[in-house]
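Asker: Quick one: structure below, then a few questions.
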């Protein structure tokens, strides 16, 4: 009985930590509170890493997750601080919509809270984390499959929200006007090309290209042999090279 009470208190406190970063609607489901969460590019996500010299940062993700499972809610807060941005970045590139990504990243961390007791220390935390994130993305894609028939290179407004393309969402303020326009056009075409990849190739490409995960870890997340993960990456790159062949000169100019 005491153990159940302790567990409920820990879960309540963890939800409170999440709610400090996310505003909760009347439905009870956490919804992103802007601008606490911002969509960032892979490069800017790397630049936003927390101070690795801090005492908390010395603990591994696995140690923090075990500590959280034993009742240390500050450990969960540190995990949230470390992984919120890269998970958001991954989901945003997977689903292609900012508001949706902000909603789904909250589902990921709520699921971690609820499954903390099932975490095994021998499991790599990031593998476990991105397995959850991937499954949530797949579930969302299945629910919204009929919407994906719309042309991906013609953004539309839905529910009053401006659904901008990736190129428009991540502008380069330092580029000259003509280069910025060219970069925006290229960014849109890259997004279309990535979105048009077969789903099994696209998820491997995103994990490898934007998260920098090794093929061994990708294989565990997707539950496939490592050589299969490598093959899917190779096919994805071949398809992207083919689809973006006409933009080869643009890439050189922006490089």
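The values are calculated or read from the model by the stated rules, or taken from the named source; none is laboratory data. Owing to the predicted nature of the structure, the values given are computational and were not obtained by experimental measurement. Every residue, glycine among them, receives a Cβ derived from its backbone with ideal geometry; neighbour counts consider all protein chains shown.
Asker: Those residues that are within 12 Å of residue 65 (Cα to Cα) and assigned to a helix (DSSP H, G or I), I need them from segment 110-131; list them, please.
Answerer: 112, 113, 116, 117, 118, 125, 126, 128, 129
Asker: Would it be correct to say that residue 197 is outside any helix (DSSP H, G or I), touching a helix residue (DSSP H, G or I) at 6+ places or on another chain (Cβ under 6 Å), outside the structural domain of residue 75 (by TED's automatic domain parsing) and modelled with pLDDT of 55 or more?
Answerer: Here the answer is yes, as residue 197 does meet what is asked.
Asker: For segment 203-216, how many residues meet the condition of being in contact (Cβ under 8 Å) with a residue 40 or more places away in the chain and surrounded by 20 or more Cβ atoms within 10 Å (Cβ to Cβ)?
Answerer: 5
Asker: Right, next: Mind telling me which of the residues 5, 50, 31, 40 ends up being over 30 Å from residue 196 (Cβ atoms), modelled with pLDDT under 50 and not in a helix (DSSP H, G or I)?
Answerer: Within the list 5, 50, 31, 40, the selection yields 50.
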